Amino acid sequence: MAGEPSKTYKNPVVNYSLPDPTVIEAEDGYFYLYATEDIRNLPIHRSKDLVNWESVGTAFTTETRPTFEPKGNLWAPDINKIGDKYVLYYSMSRWGGEWTCGIGVATANCPAGPFKDHGMMFRSNEIGVQNSIDPFYIEDNGRKYLFWGSFRGIYGVELKEDGLAVKLGAEKKQIAGTAYEGTYIHKRNGYYYMFASTGTCCEGLKSTYQTVVGRSKSLWGPYLNKQGKTMLENNHEVLISKNKSFVGTGHNAELVTDKAGNDWILYHGVSVANPHGRVLLLDRVNWKKGWPIVKNNSASTEAKKPKL
């Protein structure tokens, strides 16, 4: 019938550059998404259905943006609710600055901000991990942890109770090898699933980025592929790779579960039809024999909407 809302959506769900997305469902009924600052000062968008997104500003302003990496950019944020605060971890880096880049943290009372920067948590040359970017926060068994890394190993460390600093005396531990960045760990049915990205993110239509996954019975690994080979030795399963419409498909956000119990994954890719920046993509994640799968192992062009 005329006027009926469509039951399907088309990728990309945002047809301009929103790389390295992170998402959270807030108490106001919206999903809030944050991304690498191809839009200056770290863009924030919101949506009721994961399909239709609107810009609601930026996490920082020219006056409030972090400054610990001179001439650095804000990359790969990670949004969380810790206590009554929205806590945003971010990378600050510049191309080639693999020993001076680092991870900082900011907080806000509501998901649209304004965010108050608390500054740098650590940088590469202090914590001893080259290319310390791409933070991911997780709580497990009452403790709080941060995982991070980009093609120099994926590491984790315990945080203080407020999540704003590394716990005194905590030691970092490596959980995956040098093939990965963009870590996200998802707990499901007794397993920890480590989603990550391999390949090149930022070479336009030549980008080789893809989303991969391994699983473990423990947060600290070993994370294995289906053959039992470890991600410490760069073994994994491919979840999303290129097709004729989208290439460079990686750096996924947190999984979102809809009202029908279906899981959805937001991630970025380069559109063959509009190869400017990295656009926002959405796909359903199915589970088969304890492993996540995306239909055709690649981005859809049109699919049924989430039930939200």
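Cut-off 10 angstrom, C-alpha nodes, Gaussian network model of the chain. Which of 21, 222, 66 fluctuates the most?
222
Can you tell me the relative contact order of the range 57-174? Whole percent, Cα pairs under 8 Å, sequence separation 6 or more. Walk me through the intermediate numbers first.
On the way: 271 pairs, mean separation 22.8, N = 118.
Answer for the range 57-174 is 19 percent.
Return the loop-located GluC sites (Glu not before Pro) in the range 1-97 (DSSP other than H, G, I, E, B) with at most 10 other Cβ atoms within 10 Å of their own Cβ; answer none if there are none. Intermediate results must be reported in sequence, preceding the final value.
Values: sites: 25, 27, 37, 54, 63; in loops: 27, 37, 63.
Answer in residue order: 27, 63.
Net charge around residue 165, counting only other residues with Cβ within less than 11 Å of its Cβ (Lys, Arg = +1; Asp, Glu = -1)?
Details: positive: 144, 160, 167; negative: 158, 161, 162.
Computed value for this residue: 0.
Can you list the residues of the range 25-68 with backbone N under 15 Å from a point 7 Å past the Cα of residue 110, pointing along Cα to Cβ?
26-32, 45-47, 56-59
What relative contact order, as a whole-number percentage, does the chain give when Cα pairs under 8 Å and 6 or more residues apart are counted? All intermediate terms of the calculation are to be shown ahead of the outcome.
Working: 866 pairs, mean separation 49.4, N = 308.
Relative contact order of the chain: 16 percent.
For residue 226, which lysines qualify as cross-link partners when the Cα separation must be under 24 Å and same-chain residues fewer than eight apart are set aside?
Within the straight-line cut-off, residue 226 pairs with 173, 187, 217, 242, 288, 289, 295.
Check the straight Cα-Cα distances from residue 71 and name the lysines below 21 Å, setting aside those fewer than 8 residues away within the same chain.
Within the straight-line cut-off, residue 71 pairs with 116.
Can you tell me the equivalent ellipsoid semi-axes for the range 156-277? Use √(5λ) from the Cα gyration tensor, largest first, whole Å.
On the way: eigenvalues 146, 58, 55 Å².
Over the Cα atoms of the range 156-277, the ellipsoid semi-axes are 27, 17, 17 Å.
Tell me, what HN-Hα J-couplings in whole Hz come from the Karplus equation 6.51 cos²θ - 1.76 cosθ + 1.60 at θ = phi - 60° for each residue of the range 191-196, using x for Gly and Pro?
My calculation for the range 191-196 gives 10, 9, 9, 9, 8, 7 Hz in order.
Ignoring ligands, DNA and RNA, please state the percent of accessible area on the chain from carbon and sulfur, probe 1.4 Å. Don't skip to the end; give the middle numbers.
Numbers: 6550 of 13640 Å².
Of the solvent-accessible surface of the chain, carbon and sulfur hold 48 percent.
Please compute the contact order of the range 124-169 in relative form: average sequence separation of alpha-carbon pairs under 8 Å and at least six residues apart, divided by the residue count, as a percent. Mind showing how you got there, number by number?
Working: 70 pairs, mean separation 12.4, N = 46.
Relative contact order for the range 124-169 comes out at 27 percent.
Given a 1.4 angstrom probe, what's the average accessible area per residue across the range 48-182, in square angstrom?
Details: 5760 Å² over 135 residues.
Counting only protein heavy atoms, the per-residue value for the range 48-182 is 43 Å².
The values are calculated or read from the model by the stated rules, or taken from the named source; none is laboratory data. Source: prediction; values computed, not measured. Heads up, the Cβs are rebuilt from the backbone with ideal geometry, glycines too, and the neighbour counts pull from every protein chain shown. The accessibility values were calculated without ligands, DNA or RNA, using every heavy atom of the protein model including side chains. Shrake-Rupley method; radii C 1.70, N 1.55, O 1.52, S 1.80 Å.
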